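Since the structure comes first, as structure tokens, the remarks are kept for the end.
The values are calculated or read from the model by the stated rules, or taken from the named source; none is laboratory data. All of these numbers come straight from a predicted model, not from anything done at the bench. Don't worry about glycine lacking a Cβ; one is built from the backbone with ideal geometry, like all the others, and counts go over all protein chains shown.
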């Protein structure tokens with residue numbers, strides 16, 4: 001392995017790690033806020049827990065989307081290019 | 001909660017659990033070598049003619065798509081006769097379709113479009129959920145080799161879910177995109193449909209076009225990333241623990257739980273994209 005190939009591998013790994021790590025920040029904050037609000041609503045109205053849990057999971061899955069995009073980009077960097 | 005299991009339920013659960021134990025015994029006994037070669041690689045077949053984009057096909061996607069369609073049609077034939085007092089399968093299906101019908105009825109304002117949009121949404125939901133569930137059971141998979149051949153592996157990976165191929169998801173999302181604009185033309189007429197691209201001011205036209213193109217792209221990438229990311233994650237974690245206990249739990253979480261949620265979200269977004277254009 002010559003030095004050019006090594007540099008390319010290093011760039012790939014650092015790039016994939018950064019893409020996943022930075023991309024997870026937004027999704028993490030979003031899901032945390034959704035969970036906090038759902039907990040608050042559940043504490044206020046315990047009889048609505050069933051409905052709120054379903055809605056919370058749906059909203060979580062949508063907030064997760066940006067994290068999933070960065071996962072796709074990281075896989076593309078690692079496996080495709 | 002008290003579970004009332006009939007004898008056939010117990011037999012079914014026993015068969016599932018026994019099958020899992022048999023898979024573990026098979027893997028341990030044959031000393032299968034776990035390797036990470038071919039992760040994220042696809043088996044691509046080059047047709048003998050031409051060099052264009054249509055000359056390369058993904059055979060596993062085509063085969064598994066037909067398998068999924070066969071399963072859906074088989075399910076449809078089993079509950080064909082709708083009785084007044086529903087049985088087990090019929091009540092499950094009725095509850096599922098009733099939920100989607102309520103979703104469509106709540107978001108579509110025009111009464112005459114509720115039924116066709118429900119047909120589209122329910123068929124999308126059934127196809128996507130069955131193909132996500134297929135990706136949660138261990139089965140046969142094909143891995144391309146460096147030399148150009150193909151190696152078939154048994155029980156080292158789950159069945160290939162058709163939704164973990166971006167082409168499939170893009171096709172489904174493009175179908176929703178085309179149908180939404182067909183309904184928009186039908187409701188508004190050609191003139192006011194064309195005018196809707198110049199909505200606030202005429203120079204917003206490129207931004208409106210980009211917004212319309214981004215819809216099917218994000219729609220497809222959301223499903224693709226979840227299913228393919230899940231399958232690769234299961235492979236890597238299963239490689240760490242040598243497939244003993246963890247993959248079953250992961251297959252349950254990623255295939256069944258996330259698969260059901262993502263199928264539901266795919267359907268909800270399809271309903272939202274179609275109904276937002278026929279307001």
Any idea which of A:56, A:39, A:20 is farther than 22 Å from residue B:266 by Cα and over 11 Å from the mean Cα position of the chain (by Cα)? A:39
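Residue-wise test of (1) modelled with pLDDT under 75; (2) out of contact with any helix residue (DSSP H, G or I) (no Cβ under 6 Å at 6 or more places or on another chain); (3) closer than 27 Å to residue B:162 by Cβ; (4) surrounded by 10 or more Cβ atoms within 10 Å (Cβ to Cβ).
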residue: B:60; (1), (2), (3), (4): no, yes, yes, yes
residue: B:71; (1), (2), (3), (4): no, no, yes, yes
residue: B:76; (1), (2), (3), (4): no, yes, yes, yes
residue: B:81; (1), (2), (3), (4): yes, yes, no, no
residue: B:100; (1), (2), (3), (4): no, no, yes, yes
residue: B:108; (1), (2), (3), (4): no, no, no, yes
residue: B:116; (1), (2), (3), (4): no, yes, yes, yes
Being in contact (Cβ under 8 Å) with a residue 60 or more places away in the chain and within 24 Å of residue B:271 (Cβ to Cβ) narrows B:192, B:136, B:218, B:131 down to just B:131
Given the structure, is residue B:90 touching a strand residue (DSSP E or B) at 6+ places or on another chain (Cβ under 8 Å), surrounded by 11 or more Cβ atoms within 10 Å (Cβ to Cβ) and either within 14 Å of chain A (Cβ to nearest Cβ) or assigned to a helix (DSSP H, G or I) (or both)? no
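Where in the stretch B:170-279 are the helices (runs of 4 or more DSSP H), entirely inside, with at least 1 residues that are buried (at least 17 other Cβ atoms within 10 Å of the Cβ) and under 21 Å from the mean Cα position of the chain (by Cα)? Give the steps one after another, and end with the answer.
Working: elements: B:190-195, B:205-241, B:246-250, B:259-277.
By residue number, B:205-241, B:246-250, B:259-277.
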Any chance the stretch B:37-50 includes a residue that's part of a helix (DSSP H, G or I) and either surrounded by 10 or more Cβ atoms within 10 Å (Cβ to Cβ) or at pLDDT 75 or above (or both)? no
